[in-house]
Amino acid sequence: MTLMPAHRLAPHAHARDLDAFREHSEHPTGRDHVPAHAWTGAAGGAPCGDLVRINLAVNGAHVADAGFAAAGCGAAHAAGSATVALARGAHVLNAARIGTAQVAAELGGLSPGKLHAAELAADALHRALGAAAGPERGAGGPERG
Ligand SMILES: [Zn+2]
């Protein structure tokens, strides 16, 4: 007797999510890439010794180029790559909104044990953007001599 399940879950959904993580791990976007005139932000401190550094070049209001360096667990490398992929070409205001959830989503979802890596990568991105904005561009107030 053959049993054909009427409600098959999409069989590829999970495999595709795993592929996104693997793709960023095995073919990282912008690893050890430092654009010319790059601004850098770093974040670290997870128990697994993770350090994620994001380098980005800003041209006008857009992230012209980006790269990352990561040390620590595999998730940190994948998160750095995902963050670079999300940030490249983005308007700086949109890049500033990239958070843990978005980095995790780019990786097809992260288990709770790996979420810290997305957090670090997003932190590093925000620090790099903050450096790029600079005190004189960010304040918007009158300049003081
Ligand atoms: Zn880690």
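Is it the case that some residue within the stretch 71-88 is without any contact (Cβ under 8 Å) to a residue 24 or more places away in the chain and in a loop (DSSP other than H, G, I, E, B)? No; the residues of the stretch 71-88 include none that is without any contact (Cβ under 8 Å) to a residue 24 or more places away in the chain and in a loop (DSSP other than H, G, I, E, B). Residue by residue through the stretch 42-59, note down the ones that are more than 14 Å from the ligand (Cβ to nearest atom) and touching a helix residue (DSSP H, G or I) at 6+ places or on another chain (Cβ under 9 Å). Within the stretch 42-59, Ala42, Arg53, Ile54, Asn55, Leu56, Ala57, Val58 meet the criteria. Filtering the stretch 16-39 to residues that are surrounded by 14 or more Cβ atoms within 10 Å (Cβ to Cβ) and assigned to a loop (DSSP other than H, G, I, E, B) leaves Pro28, Thr29, Gly30, His33, Val34, Pro35, Ala38.
The C-beta contact set for the stretch 40-55 (first residue part of a loop (DSSP other than H, G, I, E, B), second residue more than 8 Å from the ligand (Cβ to nearest atom), distance under 6 angstrom, 6+ apart or interchain) comprises Asp50/Gly44. Quick one: would you say Ala46 is of a type in the set (A, V, I, L, M, F, W, C) and in contact with a Ser or Thr (Cβ under 6 Å, 6 or more places away or on another chain)? No; evaluated as a whole, the condition is false for this residue. For the stretch 93-127, a residue qualifies if it is touching a helix residue (DSSP H, G or I) at 6+ places or on another chain (Cβ under 6 Å), of a type in the set (D, E, K, R) and more than 13 Å from the ligand (Cβ to nearest atom), and exactly one does: Glu106. Tell me yes or no: at least one residue of the stretch 58-65 is in a strand (DSSP E or B), farther than 18 Å from Gly113 by Cα and without any contact (Cβ under 8 Å) to a residue 24 or more places away in the chain. Yes - at least one qualifying residue is present in the stretch 58-65.
Every number here is computed from the coordinates shown, using simple stated rules; none is lab data. Since the structure is predicted, the reported quantities are computational estimates derived from the model, not experimental observations. Using ideal geometry, Cβ is built from the backbone for each residue, glycine included, and neighbour counts are taken over all protein chains shown.
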